[in-house]
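As structure tokens, the structure follows; a few thoughts come after it.
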Amino acid sequence: MADTLKGRAPRARAPQAGAALDARRRAQRRKRRLAVLFVLPAVLLLGALVVYPVLFSVGRSLFDASGEQFVGAANYTEIFQDPATLKAIRNSTIWVVVAPVLLTGLGLMLAVLTEKVRWATAFKLVLFLPMAVSFLAAGIIFRLAYEQNPDRGVLNAVVVAAHDAFEDPAAYPTARVREQSGLAGKTGGPYATEETVRPGSPVSLGFVGVAPDAVPADARPAKAPAGGDGIGGVAYLDFVPGGGGTQGKVDPAEKGLPGMTVEAVHDGKVAATATTAADGSFRFDGLADGEYTVRLPASNFAAPYQGVNWLGPALVTPAIIGAYLWVWTGFAMVLIGAGLAAIPRDALEAARMDGATEGQIFRRITVPLLAPVLTVVFVTLVINVMKVFDLVYIIAPGPVQEEANVLATRMWLVSFGGGNDQGLGSALSVLLLLLVVPAMIFNVRRFRRSRS
């Protein structure tokens, strides 16, 4: 009887176990269908916005500009033969090498320093604020800041102010001599008397081209030169506001030009130097008898210092990288600061108790422990700078646009900005994708390893 019961029990439980297994399978199938239902919109969106454009670009890169003739790898060959495209590749390389390194270094330095300041949160907020500004707005800001005219460009205003603090600007940069004035020289100086003079001979040096409001405030009416033992003379503005006066003669309404440097030259050497007074007069006393030439050095007429040509061919790429640093430094600082906050403090305290200096702690403890975070920040920035477009396109002026181009801007210009060669543009986009993908794969693998 017991054996019979024992033999029947498994047969009674078998249908129940099968039903439970079927129920679990149906539940898993429902979960899968539900998961597919939720994932499907994202997959469709990913396919429409990423997969299809990539495949279309790869296919389009194999055709000519019109898209009708198959050219194979000709577009890819042209990439490495076109000087403008090679220049864009060179600039992209500079961006990848310079910008991420500087940003990671600045972010690390600022993250460490903010731990030492009292208002760390406010400091981080100020540095992070540029991240809220679009690249378009940042480009406009820095395009204005880099203006060559110091009256508009804030950077050149600072540079010019610092320069003029150590070197006085020329008093009369626009002054020029009037024809038949007895002075000879090219525009901008130096000017010298056409005929030699001897001691006791007066000299009149008339100039034009100086606006009345540009004459120094302490200038007084010019006085006709008087005779004497030495060489005397007057430098004056040979112009009467409103008209009148006699050309080549000192009139009562004409102003002297104070502050000019005047030289007496004998046998090619400077024998004496004088500076004009408020009424423009000057005198050389104690000169030996002989013939002299009165000369006004070019320093009197030098054009004012205009600062640095930030957006010239030589500096346009570093200038744009500077704008990029302004935007992204806060990002690097905040990420590295978060990693810094996670460092075990007992390791730092133990090192201090062992007599390590702050520099040794930073090099041998802080940086090694932050290595994963620094790598993530660096790789993320590498991916980002490969795609930079807005800043380059907005900040670089038209004449130097080619000098500043990177792969992204070159791709746009070739395809839509006048080149109208979407075959070559597609080849450039594929090249850009191939350069970005390894960095993306590296980042994804690091994220997976950090979770495991």
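Restricting attention to region 361-386, the residues that are of a type outside the set (Val, Ile, Thr) and surrounded by fewer than 14 Cβ atoms within 10 Å (Cβ to Cβ) add up to 5.
Is there a residue in region 306-318 that is touching a Gly at 6+ places or on another chain (Cβ under 8 Å), among the polar types (S, T, N, Q) and either within 28 Å of TYR393 (Cα to Cα) or not in a strand (DSSP E or B) (or both)? So far as region 306-318 goes, no, none of its residues is touching a Gly at 6+ places or on another chain (Cβ under 8 Å), among the polar types (S, T, N, Q) and either within 28 Å of TYR393 (Cα to Cα) or not in a strand (DSSP E or B) (or both). Starting from region 306-334, keep only residues that are farther than 22 Å from SER134 by Cβ and free of Cβ contacts under 8 Å to residues at least 60 places away in the same chain, then list their pairs with residues that are among the charged types (D, E, K, R) and surrounded by fewer than 21 Cβ atoms within 10 Å (Cβ to Cβ) whose Cβ atoms are within a distance under 9 Å, requiring at least 6 positions of separation or different chains. Between residues of region 306-334 that are farther than 22 Å from SER134 by Cβ and free of Cβ contacts under 8 Å to residues at least 60 places away in the same chain and residues that are among the charged types (D, E, K, R) and surrounded by fewer than 21 Cβ atoms within 10 Å (Cβ to Cβ), the close pairs are ALA314/GLU403. Only residues that are touching a Pro at 6+ places or on another chain (Cβ under 9 Å) and assigned to a strand (DSSP E or B) were counted in region 244-272, giving 5.
Annotation: GLY280 fulfils all but one of (1) in contact with a Pro (Cβ under 8 Å, 6 or more places away or on another chain); (2) more than 30 Å from GLY185 (Cα to Cα); the unmet one is (2).
For region 133-148, indicate whether the set of residues that are under 30 Å from VAL208 (Cβ atoms) and touching a residue at least 12 places away in the same chain (Cβ under 8 Å) is non-empty. Yes, the conditions are met somewhere in region 133-148.
Considered as a group, the residues in region 131-151 that are more than 14 Å from VAL308 (Cβ to Cβ) and among the charged types (D, E, K, R) include one that is nearest to the chain's Cα centre (by Cα), and that residue is ARG143. Number of residues in region 240-295 that are in contact with a Gly (Cβ under 8 Å, 6 or more places away or on another chain), under 19 Å from LEU183 (Cβ atoms) and among the small types (Gly, Ala, Ser): the value is 5.
Of all the criteria given as (1) within 30 Å of GLY232 (Cβ to Cβ); (2) in a loop (DSSP other than H, G, I, E, B); (3) modelled with pLDDT of 85 or more, the one not satisfied by LYS186 is (3). Looking at region 158-175 only, could you name the residues that are in a loop (DSSP other than H, G, I, E, B) and surrounded by 11 or more Cβ atoms within 10 Å (Cβ to Cβ)? Result: PRO169, ALA170, ALA171, TYR172, PRO173, THR174, ALA175. Residues in region 310-355 that are within 23 Å of the chain's Cα centre (by Cα), surrounded by 14 or more Cβ atoms within 10 Å (Cβ to Cβ) and small (Gly, Ala, Ser): GLY312, ALA319, GLY322, ALA323, GLY330, ALA332. Residues that are surrounded by 12 or more Cβ atoms within 10 Å (Cβ to Cβ) and among the aliphatic types (A, V, I, L, M) were ranked within region 118-132; the one that is nearest to GLY330 (Cα to Cα) is LEU127.
Regarding GLY307, is this residue crowded, with 20+ Cβ neighbours inside 10 Å, of a type in the set (Gly, Ala, Ser) and modelled with pLDDT under 90?
It is true that GLY307 is crowded, with 20+ Cβ neighbours inside 10 Å, of a type in the set (Gly, Ala, Ser) and modelled with pLDDT under 90.
Among the residues of region 80-103 satisfying the criterion of being polar (S, T, N, Q) and surrounded by fewer than 21 Cβ atoms within 10 Å (Cβ to Cβ), which is nearest to ALA404 (Cα to Cα)?
Only one residue tops the list, namely THR93.
Restricted to region 239-266, and to residues there that are of a type in the set (Val, Ile, Thr) and modelled with pLDDT under 80, the residue that is nearest to the chain's Cα centre (by Cα) is VAL240. Can you confirm whether ARG295 is in contact with a Phe, Trp or Tyr (Cβ under 9 Å, 6 or more places away or on another chain), assigned to a strand (DSSP E or B), more than 30 Å from GLU403 (Cβ to Cβ) and charged (D, E, K, R)? Judged against the criteria, ARG295 is a match.
The values are calculated or read from the model by the stated rules, or taken from the named source; none is laboratory data. Because the structure is predicted, anything quoted here is derived from the model rather than measured. Neighbour counts run over all protein chains shown; Cβ positions are idealised from the backbone, glycine included.
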